[in-house]
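Q: The structure that follows is given in the form of structure tokens.
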Amino acid sequence: MDDNRRMWADLGIDLEAHDGLLEVLPPLFQDVYLSQKGRPSRMAYFDNVFAEIHGLRVRELVNHRKAGGVVVGTFCTYVPEELIIAAGGIAVGLCGGAEIAPEEVGRYLPQNICPLIRSSLGFKLAKVCPYYESCDLLVGETTCDGKKKFFEILGELQPVHVMELPQRKGPRDVDMWRGEVGDLLTRLEELTGRKVERQALAGAVKVVNTKRKALLRLAELRKSDPPVISGLDALLVNQIAFYDDPRRLAVKVNELCDELEKRVDSGKSAGVSARPRVLVSGCPMAIPNWKLYGIIETSGAVVAMDELCTGIRYFRNLVDEEPDDLDGMLDAIATRYLKTDCAVFTPNEERVRNVLGLAKDYDVDAVIYHTLQFCDPYSVEGFKVERALEEAGLPMLYLETDYGTGDVGQLKTRVEALFEMVVA
């Protein structure tokens, strides 16, 4: 711990505020995760990663920079990890799942803006996120107007590169996005002083694809009935995938899957209800935002799948590994990332089809559509998703919330009412 404190101090962390954060997280994790019964033994790795959330992984980043490497922070699934790795960097997802320093944030942002944006800025302003302070560059993306303006503010505090995401997926939009991918590569080459060659990029593609394949294997195992892993545990794995070493993570996820396959063969289930099976759809849930999953799985149901950026949207599609030149690989990367079906796109029938497909594939009894307050794209698109689900004969519960605990009782009441209707 003394070594960690010296490291945090060297990074410029506010140690007093950081101590306060670290006092809150372990008991929260204990209540939400370690209290579960019937957990797979291989979840111990992910528990340990969380226990050292600001320790071992941050030290790896610090050592990487000391050895001449760079660390690049990301906020969204649209930022190509492959480019960062190919340039000799480490990609890490940044903090943004709890309300931090609201008074300081209020000097820059209005109250009626999404909690994820407020949280991200709060972690930076309060200097309690060592991942922020370990980064040489932050890469944002224009997935909503709030983020666009947030990145302007952040750019005054730390170097930021913003990728312009198109709002449609026509030929001109594809060309524009391909240009953005190329621009990011150029920025990374300037940052590292290292020209990215085809071989390095091909190797990086394999690394990230291997991680995705492991996560897809875990997702497939969640089709088991009775469930062999809780939705909470699957969410934790997905959240950790954003900042853990991708090679190590793939190994650990595959080890977990080996254990789960044995559970399937033996009929051993996780300590959660088999029914109702729920699909959670909507906004991402960054650590430590476990509120909704905790409510669902302590109310007699299981989260069978997550149609979220901290769910299957993150790893659903692979990058084509066949192109034999750099331009071809960049085309393949751009194509893969533009398939991600964020609610920012219009029209967005692709996402509606994916929600329906997941509901069928995972044999769900209901969909809970989760939005963060003031998230216009997901809030508005919820009406179209609900109509499609209604036509398919599936009930949907729309829930809007933030990172606070004041609405837990109300949310639990509504969730339990949904489950009573489903099982009636």
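Q: List every residue pair whose Cβ atoms lie under 6 Å apart, where the two residues are 6 or more positions apart in sequence or sit on different chains, the first residue falls within segment 358-372 and is within 16 Å of residue 293 (Cβ to Cβ), and the second residue, located anywhere, is among the hydroxyl-bearing types (Ser, Thr, Tyr).
A: Listed pairs, sorted by first residue: 367/281; 369/281; 369/398; 371/378; 371/379.
Q: Could you say which residue among 317, 254 is among the polar types (S, T, N, Q) and closer than 30 Å to residue 143 by Cα? Write out each step before concluding.
A: Numbers: 254 fails: closer than 30 Å to residue 143 by Cα.
Result of the check over 317, 254: 317.
Q: Collect the residues in segment 107-142 that are in contact (Cβ under 8 Å) with a residue 60 or more places away in the chain, more than 29 Å from residue 63 (Cα to Cα) and touching a helix residue (DSSP H, G or I) at 6+ places or on another chain (Cβ under 8 Å), keeping them in residue-number order.
A: 113, 114
Q: Something else about it: Would you point out the residue of segment 298-327, among those that are of a type in the set (S, T, N, Q) and closer than 22 Å to residue 32 by Cβ, that is nearest to the chain's Cα centre (by Cα)? Can you show your working first?
A: Narrowing segment 298-327 to residues of a type in the set (S, T, N, Q): 298-299, 310, 317.
Now restrict to residues that are closer than 22 Å to residue 32 by Cβ: 298-299, 310.
Values: 298: 23, 299: 24, 310: 3 Å.
Applying the filter and picking the extreme gives 310.
Q: Does residue 180 count as closer than 19 Å to residue 335 by Cα, assigned to a helix (DSSP H, G or I) and either out of contact with any Ser or Thr (no Cβ under 8 Å at 6 or more places or on another chain) or touching a residue at least 12 places away in the same chain (Cβ under 8 Å) (or both)?
A: Yes; evaluated as a whole, the condition is true for this residue.
Q: If you take the residues in segment 224-251 that are β-branched (Val, Ile, Thr) and in a helix (DSSP H, G or I), which one is farthest from residue 261 (Cα to Cα)?
A: Among those residues, the one meeting the criterion is 240.
Q: Which members of segment 315-347 meet the condition of being over 22 Å from residue 75 (Cα atoms) and modelled with pLDDT under 95?
A: 324, 347
Q: Given segment 53-160, what helices (runs of 4 or more DSSP H) lie entirely inside it while holding 2 or more residues that are among the aromatic types (Phe, Trp, Tyr)? Show your work before the answer.
A: On the way: elements: 56-66, 81-86, 102-105, 115-126, 130-133, 145-154.
In segment 53-160, the matching helices (runs of 4 or more DSSP H) lie at 130-133, 145-154.
Q: Restricting to segment 231-271, and then to whatever is more than 16 Å from residue 289 (Cβ to Cβ) and polar (S, T, N, Q), can you tell me which residue is surrounded by the fewest Cβ atoms within 10 Å (Cβ to Cβ)? Let's see the steps before the verdict.
A: In the first step, residues of segment 231-271 are kept if they are more than 16 Å from residue 289 (Cβ to Cβ); the result is 244-271.
With the extra rule that they be polar (S, T, N, Q), the set shrinks to 254, 266, 269.
On the way: 254: 16, 266: 9, 269: 19.
My answer is 266.
Q: List every residue pair whose Cβ atoms lie under 8 Å apart, where the two residues are 6 or more positions apart in sequence or sit on different chains, the first residue falls within segment 83-97 and is farther than 16 Å from residue 244 by Cα and in contact (Cβ under 8 Å) with a residue 40 or more places away in the chain, and the second residue, located anywhere, is among the polar types (S, T, N, Q) and in a loop (DSSP other than H, G, I, E, B).
A: Every condition considered, the pairs that remain are 97/289.
Q: For segment 139-153, which residues satisfy the criterion of being surrounded by 23 or more Cβ atoms within 10 Å (Cβ to Cβ) and touching a strand residue (DSSP E or B) at 6+ places or on another chain (Cβ under 6 Å)?
A: Across segment 139-153, the qualifying residues are 139, 140, 141.
Q: Looking only at helices (runs of 4 or more DSSP H) that lie completely in segment 307-424, which have at least 1 residues being more than 30 Å from residue 92 (Cβ to Cβ)? Outline the logic, then answer.
A: Working: elements: 312-315, 326-338, 349-361, 376-391, 408-423.
Hits in segment 307-424: 349-361, 376-391, 408-423.
Q: State which residue is surrounded by the fewest Cβ atoms within 10 Å (Cβ to Cβ) when the search covers only segment 67-125 and only residues that are of a type in the set (Val, Ile, Thr) and over 26 Å from residue 189 (Cβ atoms). Let's see the steps before the verdict.
A: Start the filter on segment 67-125 by keeping residues that are of a type in the set (Val, Ile, Thr), which leaves 70-72, 74, 77, 79, 84-85, 90, 92, 100, 105, 113, 117.
From what's left, over 26 Å from residue 189 (Cβ atoms): 100, 105, 113, 117.
Values: 100: 23, 105: 24, 113: 21, 117: 23.
Step by step, filter segment 67-125, then rank; the result is 113.
Q: Which numbered condition trips up residue 380, out of (1) among the β-branched types (Val, Ile, Thr); (2) crowded, with 17+ Cβ neighbours inside 10 Å; (3) over 29 Å from residue 208 (Cβ atoms)?
A: Result: residue 380 passes all but (2).
Q: Taking the condition of being surrounded by fewer than 13 Cβ atoms within 10 Å (Cβ to Cβ), of a type in the set (Lys, Arg) and either within 21 Å of residue 126 (Cα to Cα) or within 23 Å of the chain's Cα centre (by Cα) (or both), how many residues in segment 19-47 meet it?
A: So the answer is 0.
This table checks each residue for (1) under 19 Å from the mean Cα position of the chain (by Cα); (2) closer than 20 Å to residue 310 by Cα; (3) among the hydroxyl-bearing types (Ser, Thr, Tyr).
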site	(1), (2), (3)
200	no, no, no
223	no, yes, no
229	yes, yes, no
241	yes, yes, no
245	yes, yes, no
255	no, no, no
263	no, no, no
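Q: Considering segment 183-223 alone, what residues qualify as being surrounded by 15 or more Cβ atoms within 10 Å (Cβ to Cβ), touching a strand residue (DSSP E or B) at 6+ places or on another chain (Cβ under 8 Å) and in a helix (DSSP H, G or I)?
A: Correct list: 184, 187, 188, 191, 192, 219.
Q: Could you tell me which residue of segment 1-18 is surrounded by the fewest Cβ atoms within 10 Å (Cβ to Cβ), considering only residues that are modelled with pLDDT of 95 or more and among the acidic types (Asp, Glu)?
A: At the first step, the residues of segment 1-18 found to be modelled with pLDDT of 95 or more are 4-18.
Now restrict to residues that are among the acidic types (Asp, Glu): 10, 14, 16.
Values: 10: 11, 14: 16, 16: 8.
Step by step, filter segment 1-18, then rank; the result is 16.
Q: Further, regarding this structure: Go over the candidates 320, 325 one by one and state the one that is farther than 22 Å from residue 369 by Cα, in contact (Cβ under 8 Å) with a residue 40 or more places away in the chain, among the charged types (D, E, K, R) and touching a helix residue (DSSP H, G or I) at 6+ places or on another chain (Cβ under 7 Å).
A: Step by step, each of 320, 325 is checked, and only 325 is farther than 22 Å from residue 369 by Cα, in contact (Cβ under 8 Å) with a residue 40 or more places away in the chain, among the charged types (D, E, K, R) and touching a helix residue (DSSP H, G or I) at 6+ places or on another chain (Cβ under 7 Å).
Q: What number of residues within segment 329-369 satisfy the criterion of being within 17 Å of residue 380 (Cβ to Cβ) and among the polar types (S, T, N, Q)?
A: Summing the residues that are within 17 Å of residue 380 (Cβ to Cβ) and among the polar types (S, T, N, Q) in segment 329-369 gives 2.
The values are calculated or read from the model by the stated rules, or taken from the named source; none is laboratory data. Given the structure is predicted, the values throughout are model-derived calculations rather than measurements. Heads up, the Cβs are rebuilt from the backbone with ideal geometry, glycines too, and the neighbour counts pull from every protein chain shown.
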